[in-house]
Amino acid sequence: MIIPCPFCGPRDLAEFTYHGDAARAAARPAHGSTDQEAWDRHVYDRRNPAGSHAEIWQHAGGCRSHLRVVRDTRTHEITETTLYAPEVSQ
Amino acid sequence: MAEPFISTPVMAATAQSPIADALLPGEYGNLAIGAQVALSERFGLAICDVCAWPGLETKTANAIKRATGLAVTKRRDAVGEAAQGFQHAPGRWTVIAEDPSLAERLTRAVSANATVVDLAHGRTCLRIAGEAGTSVLAKLFAIDFAEKAFPVAKGLATSHHAVLAQIQRVDAQTFDLLVFRSYARTFFHALTRASEEFGYRIVPPRAGEPET
Ligand SMILES: [Zn+2]
């Protein structure tokens with residue numbers, strides 16, 4: 001698999017590290033929340049789609065930027081990569 | 001503004017090369033048509049990482065230009081007589097020079113627009129030159145070394161297995177490779193083994209800068 005880094009250009013998968021879903025199935029509860037079920041959903045529930053999936057990767061073996069990648073889980077086709085800017089990571 | 005922190009400059013007179021025991025001048029490997037690659041260490045260089053604060057990338061590039069004379073911009077890397085600079089990550093530049101005052105000049109020039117980290121103690125700069133240089137590098141890195149994809153002056157960050165490397169094309173047949181000092185001995189060994197089929201020459205170091 002080759003991931004096109006928005007800064008570095010196309011690079012081999014070996015240079016990247018997977019950092020998880022970019023769109024969680026359940027939103028993160030408030031910091032002070034003690035709602036165990038809400039935390040459970042946030043931590044463990046996944047949509048696990050057969051198809052287009054938004055995910056976070058880090059180009060750890062290159063520019064070290066965090067990326068938002070949209071990948072088809074059936075074909076590994078990548079349709080979108082953008083720098084994962086701090087203002088959208090909250 | 002308070003007086004900025006200036007790191008201690010490289011002390012080339014007392015510094016020691018991490019690959020001194022492997023840097024044995026001579027010609028090795030398949031020499032049927034002579035050595036097609038020259039390997040050397042650019043010893044005692046000043047090496048700095050300049051990291052712009054968000055939104056201040058253009059001001060930082062201009063500051064690097066003021067401090068070094070390099071024509072770097074947000075879009076363009078540069079190789080000059082006295083210094084080299086390239087953007088290895090968004091808003092982050094590697095700048096190298098033989099003049100040990102580099103860190104101080106950069107720190108004063110960028111002021112509050114960026115931070116400067118002196119990496120001279122932590123990085124080793126190796127140079128590979130010659131007509132088979134790109135063939136050797138293509139064995140080690142998953143990077144397109146054709147001049148159209150990797151033009152002169154361009155620099156980038158990549159890795160050879162776990163060894164992170166920054167590579168800048170100095171001219172058509174010359175590349176500078178920056179690797180962690182602690183990996184330099186291992187990486188230099190890999191470089192020599194990859195060069196064997198082309199025949200390689202290890203260039204003797206001079207005081208300060210080895211010739212190529
Ligand atoms: Zn990258």
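The values are calculated or read from the model by the stated rules, or taken from the named source; none is laboratory data. All values reported here derive from a predicted model rather than from experimental measurement. Neighbour counts run over all protein chains shown; Cβ positions are idealised from the backbone, glycine included. Note: accessible area is taken over every heavy atom of the protein model, side chains too, but ligands, DNA and RNA are not part of it. Shrake-Rupley method; radii C 1.70, N 1.55, O 1.52, S 1.80 Å.
Details
- On the basis of the beta-carbon distance and an R0 of 30 Å, A:His76 and A:Arg28 show a calculated FRET efficiency of 0.60.
- A convex hull fitted around the alpha carbon atoms of region B:45-119 yields 68 Å³ per residue.
- At R0 = 51 Å, FRET efficiency that the Cβ-Cβ distance of B:Met11 and B:Ala149 yields, to 0.05: 0.85
- Once the Kirkwood radius over Cα pairs is known for chain B, the Stokes-Einstein relation at 10 °C and 1.306 mPa s delivers a diffusion coefficient of 91 µm²/s.
- Accessible carbon and sulfur surface of region B:1-144 relative to its total accessible area, %, 1.4 Å: 54 percent
- Per DSSP, loop GluC sites (Glu not before Pro) in region B:113-203 with at most 15 further Cβ within 10 Å: B:Glu131, B:Glu147
- Accessible area buried between chains A and B, both sides summed, probe 1.4 Å, in Å² to nearest 100: 800 Å²
- For region B:105-115, putting each phi into the Karplus relation 6.51 cos²θ - 1.76 cosθ + 1.60 with θ = phi - 60° gives couplings of 4, 5, 4, 5, 6, 6, 6, 8, 7, 7, 10 Hz, in residue order, rounded to whole numbers and with x for Gly and Pro.
- In the context of the full set of protein chains, residues of chain B present 47 Å² of accessible surface per residue (probe radius 1.4 Å, heavy atoms only).
- Rolling a 1.4 angstrom probe over chain A with all protein chains present gives an accessible area of which 50% lies on carbon and sulfur atoms.
- Looking at region A:1-65, the accessible area is 59 square angstrom per residue; that uses a 1.4 Å probe and ignores ligands, DNA and RNA.
- Selection of trypsin sites (Lys or Arg not before Pro), region B:131-178, meeting DSSP coil and at most 10 other Cβ within 10 Å: B:Lys148
- Contact order normalised by residue count of chain B, Cα under 8 Å, 6+ apart, percent: 32 percent
- Largest-first ellipsoid semi-axes for the protein assembly as shown, taking √(5λ) over the Cα gyration tensor eigenvalues, angstrom: 38, 26, 17
- Accessible area of A:His76 in the full protein assembly, 1.4 Å probe (Å², nearest 10): 100 Å²
- Taking θ as phi - 60° and the Karplus parameters 6.51, -1.76 and 1.60, the scalar couplings of region B:69-77 work out to x, 6, 7, 7, 9, 4, 10, 10, 8 Hz in sequence order, x denoting glycine and proline.
- List B:Ser17, B:Ser111, B:Ser195, ordered by accessible area with a 1.4 Å probe, largest first: B:Ser111, B:Ser17, B:Ser195
- Sequence-distant lysines (8 or more away, or on other chains) whose Cα lies within less than 23 Å of B:Lys148: B:Lys74, B:Lys139
- Shielding score for B:85-93, defined as the mean number of other chain Cβ atoms within 10 Å: 3
- Euclidean distance of C-alpha centroids, region B:128-154 and region A:1-65, integer Å: 33 Å
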